Amino acid sequence: MIRLFANANYDFIRWRRWAYGLTAAIIIPGFALFLVHGLNYSIEFTGGTLIQVQTKEAVGTERIRSALDAAGIRDAEIQQFGGPTEYKIQARIAKEGVAEGSTEATAAAVDSALARGLGSGPEHYTIVRTEAVGPKVGRELQGKAFLAIFFSFIVTLVYLAFRFEWRFGLAAVLATFHDILTTIAFIRYLDLEVSLVVVGAVLTMVGYSLNDTIIIFDRVRENLHKFRRQNLYEILNLSINETLPRSVLTHGTTMATTIALVLLAGEVLRPFALVMTFAIFTGTFSSIYIAAPLLMYIEKRWPGEDARGARVLRPPGSVPLNPPPAAPGGGGGSGVRSKAAV
Amino acid sequence: MRTIRSRLIAIGILLAIAVWQLIPTNVTQRVRDATTGRMKDTTIRRVPINLGLDLQGGIHLALEVDQSKGPVPDCATAIQLAEKVVRTRIDEFGTTEPVVQIQGRCRLIVELAGEKDPARAKSIIQRTAFLEFRITDMKNLFRDALPEIDKALRRAGVRAPGQRAAAASVTQLFGTDTAKAKGKAQKGKAAAKDTTDLNAPGPLSSLLFQGQLPGEYLVPEEQVPVAESLLARPDVQRLIPRGLELRWGTEVLSRAGRSYRTLYAGEDRPIITGEYLQDAKATRDPLTNQSVVNFTLSRAGGRIFERETGRHVNDYMAIILDGRVQGQPPIIKSQIGQRGQIELGAKPLQDAQDLALVLKAGALPAPLTIIEERTIGPSLGQDSIRDGIHAGIVGIALVVLIMVVYYRVSGLLAVAALVLYVVFTLGGLAGFGFTLTLPGLAGLVLSVGIAVDANVLIFERIREELQHGKLVRTAVDEGFKHAMSAIIDSNVSTLLTAFILWLVGTGPVQGFAITLIIGILASFVTAVFVVRTFYMIWLDRRPDMATLSV
């Protein structure tokens, strides 16, 4: 029988400050880049034209560029897309006030420019994909993507508040918010194109990361009832260690599928698969190093009035019989810091 | 034992339902006939999973009323007109199941799966609607020409399909409608009889049944492609009497359990065209409680119409939009000037509203502008499917490997449940008629990875319980019991985000959300219920088992 991390007893929480440093080192430069350059939005959001061409021979982006230049199409980005005979030509709407229908005219113009430059007919090239998005649709989709992320937050917050105590919910949502920040930084570092599908990946990531946090919190909830003598620090560590084999296994299987998607599912799905793969890392990380310590801080700041919350800040060994005084953080600091073996 | 049996029965029923959904069925598709170039219905057998445009290849267009040349005050009505117009042209697209629908208030979505020529498709959609009124073949010249046409066809070696017996009974069926029509039906029968003198049914006339009006014919739905190809022949075209043209109707009538398409013989010259029409409104006549459409012509149009209707009192006037006769041609009761009324009798107001839309569509052509276009070539779609399936197979194989190596026999149980999971998910997609898109394929692969999470939770819990020295049976029970709250919570949180994605997303992303939702539901059933049942059977067979392979 193979057992990974069985009866593990790592003091995860102790390393929380290192973890904060690590995550800040990822988020802050990424965010600075994001603020300066913004994200590389797909034409779905900006409006614009995308044409994917398959050529018979590997013509190179230069020949395509000269073909477009000859026709006076200058603002297009040309990228190799997958194999050496596939190219993506993209032109975003740069300025306001572009008329509806003009993006579609651009697509036709590119086609005729290619026909002149490369020779027309399927023996030279074929257009395998065209997308032309007018400015109105682009604006609408931006709004929709924002709404989607916003609502997913609200709904999960409500669900967590309903299923757990609000302190757990708040910690979980903040951890998820952290995941969105790291994911934005990740997208910025790799300069991935943010399409609607990538937004879908971010939302799935929200669900997956929350899921992971919930598994740990569920165990925390159970252990709080089971081990009444231990403080929250110990309970958190115990719960993370107990769920560690599950985390390793589940992330292993999910990662197997996302990596298969990254490597095999083709160019269109690759950004999605990359974001999902990263999501597994950040989701796991945040469940352990963000959600759990946050729960501790929240409990310290606003101690619970019930049996669970009341006890958490007591030093090990004391069993409260009555609700403690409501003074915030009353004499509990030592309990939080004490490192106790389980 | 009884619980095991009832659980197995439940699983069996679920599996049967899922497999039933996946059995290839006959699907009616409209395809382009290779010889005539017209659209016809064919049935093919395929697994009833709908593929999205991104997998199948095709064109997605979003259109709005063009406001660049001046504002259009009522875009909702304008887009309804446009929808009506595009629908009448549906057969011109070279595609199987065109989707034409209004999204929101003022947007028209047209999806043409498998269409290869975007330029042509766009020109069909954006072409201005053409409305005309034509007088039907009042003298039955076409019917009189049928024997000649049959003769010519027979000479060319075309045989009639063996439909003789049915034909006679149907003719009679229509004959009972009105006395006037009866007379015509008799005549039609007589005409048909003439052709039987040659001991064989007429290749064309055996397909046509006289309708209620002069110049109206009914063609059994399944014979429409045959009739179309016969009528398209040059030797037939030559024999159609001078000054007449044949036009298919939009209406499908059903009589005695069969459906018929209408075919009209009418004058080749319109008495008036849509450009003279100014407005049309559907109302219900307060006195007679009949549905009527009131229409107004321009002053010049009124003069023309007055002259023409004066010559054609008691004739039937076909309303033709883009070459298709709309509804049943009304009779011209008296001379009509600038204002006219079309009575639809006892037909519902909806029919009158549809007709008013047709008239307005011809009168006020609303230019459409394309605000979004996505074209996916069929080869790209096939590549996507192939890549997606490759990724899926590799991903699933890795998951299976991890589970079996790590959890051994219990892992095998989970893998067996995973097979059921895939069948359930695909069955769900087929059964609810959802569309599988490229992101949906990714969602499917991803959900396999997530699906085993519930099993991992349960197995880890069982291991813990065993470690605490519990008996195998108790450990299994406790493992399932304690893992449940975590499983439910995590599934619900993923379901909620997927649901929001479905609400807010469009097209392909919705496909992703759908497969994720179905995947989560299916995985809940398989990972919890099915694996539990497997364990029950296992423990039932080996009650003395001391160690569990987990």
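The values are calculated or read from the model by the stated rules, or taken from the named source; none is laboratory data. Because the structure is a prediction, the values reported are computed rather than measured. Here Cβ is always computed from backbone atoms with ideal geometry, including for glycine, and neighbour counts include all displayed protein chains.
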Which residues, taken from region B:461-487, are surrounded by fewer than 17 Cβ atoms within 10 Å (Cβ to Cβ) and either in contact with a strand residue (DSSP E or B) (Cβ under 8 Å, 6 or more places away or on another chain) or more than 9 Å from chain A (Cβ to nearest Cβ) (or both)? B:468, B:469, B:470, B:471, B:473, B:474, B:481, B:484
If I filter region B:15-29 for residues that are modelled with pLDDT of 65 or more, assigned to a helix (DSSP H, G or I), surrounded by fewer than 17 Cβ atoms within 10 Å (Cβ to Cβ) and out of contact with any helix residue (DSSP H, G or I) (no Cβ under 8 Å at 6 or more places or on another chain), do I get at least one hit? yes
Quickly run through region A:172-190 and pick out the residues that are in contact with a Phe, Trp or Tyr (Cβ under 8 Å, 6 or more places away or on another chain) and under 17 Å from residue A:215 (Cβ atoms). A:172, A:173, A:176
Exactly one condition in (1) part of a loop (DSSP other than H, G, I, E, B); (2) at the interface with chain B (Cβ under 7 Å from one of its Cβ atoms) is not met by residue A:250; state its number. (1)
Taking residue B:408 and the conditions (1) surrounded by fewer than 21 Cβ atoms within 10 Å (Cβ to Cβ); (2) more than 14 Å from every other protein chain (Cβ to nearest Cβ); (3) charged (D, E, K, R), which numbered condition does it fall short on, given that it satisfies the others? (2)
Going by the structure shown, is residue A:19 touching a Phe, Trp or Tyr at 6+ places or on another chain (Cβ under 6 Å), away from chain B (no Cβ under 14 Å) and in a helix (DSSP H, G or I)? yes
Is there a residue in region A:76-89 that is surrounded by fewer than 18 Cβ atoms within 10 Å (Cβ to Cβ), over 26 Å from residue A:196 (Cβ atoms) and more than 9 Å from every other protein chain (Cβ to nearest Cβ)? yes
Considering every residue within region A:116-124, establish whether at least one is in contact with a Phe, Trp or Tyr (Cβ under 7 Å, 6 or more places away or on another chain), closer than 17 Å to residue A:86 by Cα, crowded, with 20+ Cβ neighbours inside 10 Å and more than 12 Å from chain B (Cβ to nearest Cβ). no
Surrounded by 12 or more Cβ atoms within 10 Å (Cβ to Cβ), of a type in the set (D, E, K, R), in a helix (DSSP H, G or I) and in contact (Cβ under 8 Å) with a residue 24 or more places away in the chain: does that describe residue A:65? no
Select from region B:332-354 the residues that are among the polar types (S, T, N, Q) and more than 21 Å from residue B:80 (Cα to Cα) and list them in ascending order. B:334, B:335, B:338, B:341
For region B:517-536, check the following and say yes or no: at least one residue is within 12 Å of another protein chain (Cβ to nearest Cβ), among the charged types (D, E, K, R) and out of contact with any Lys or Arg (no Cβ under 6 Å at 6 or more places or on another chain). no
Name every residue in region B:357-405 that is facing chain A (nearest Cβ under 7 Å) and part of a loop (DSSP other than H, G, I, E, B), in order of residue number. B:377
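Per-residue answers, yes or no, for (1) touching a His at 6+ places or on another chain (Cβ under 9 Å); (2) in a helix (DSSP H, G or I); (3) modelled with pLDDT of 85 or more; (4) more than 30 Å from residue A:133 (Cβ to Cβ):
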residue: B:451; (1), (2), (3), (4): no, yes, no, yes
residue: B:456; (1), (2), (3), (4): no, yes, yes, yes
residue: B:520; (1), (2), (3), (4): no, yes, yes, yes
residue: B:526; (1), (2), (3), (4): no, yes, yes, yes
residue: B:537; (1), (2), (3), (4): no, yes, yes, yes
residue: B:545; (1), (2), (3), (4): no, no, no, yes
Residues of region A:223-247 classified as crowded, with 19+ Cβ neighbours inside 10 Å and more than 14 Å from chain B (Cβ to nearest Cβ), total: 8
Considering only residues that are part of a loop (DSSP other than H, G, I, E, B) and either more than 14 Å from chain B (Cβ to nearest Cβ) or aromatic (Phe, Trp, Tyr) (or both), look in region A:46-62 and name the one that is nearest to residue A:139 (Cα to Cα). A:60
Right, residue A:155: touching a Ser or Thr at 6+ places or on another chain (Cβ under 7 Å) and either at the interface with another protein chain (Cβ under 9 Å from one of its Cβ atoms) or crowded, with 16+ Cβ neighbours inside 10 Å (or both) or not? no
Please verify whether region B:467-475 includes one or more residues that are under 30 Å from residue B:53 (Cβ atoms) and either in contact with a Pro (Cβ under 9 Å, 6 or more places away or on another chain) or assigned to a helix (DSSP H, G or I) (or both). no
Sort through B:108, B:131 and tell me the only one that's under 22 Å from residue A:105 (Cβ atoms) and either touching a residue at least 40 places away in the same chain (Cβ under 8 Å) or within 19 Å of the chain's Cα centre (by Cα) (or both). B:108
Do we have any residue at all in region B:269-278 that's over 26 Å from the mean Cα position of the chain (by Cα), among the hydroxyl-bearing types (Ser, Thr, Tyr) and over 29 Å from residue B:344 (Cβ atoms)? no
Identity of the residue in region A:95-113, free of Cβ contacts under 8 Å to residues at least 40 places away in the same chain and away from chain B (no Cβ under 11 Å), that ends up farthest from residue A:44 (Cα to Cα): A:109
In region A:257-267, what residues are without any contact (Cβ under 8 Å) to a residue 40 or more places away in the chain and either surrounded by 22 or more Cβ atoms within 10 Å (Cβ to Cβ) or of a type outside the set (A, V, I, L, M) (or both)? A:257, A:258, A:260, A:261, A:265
The listed residue being touching a residue at least 12 places away in the same chain (Cβ under 8 Å), part of a strand (DSSP E or B), of a type in the set (Asp, Glu) and surrounded by 14 or more Cβ atoms within 10 Å (Cβ to Cβ), out of B:306, B:251: B:251
Answer with yes or no whether residue A:191 is touching a helix residue (DSSP H, G or I) at 6+ places or on another chain (Cβ under 6 Å) and either hydroxyl-bearing (Ser, Thr, Tyr) or at pLDDT 85 or above (or both). no
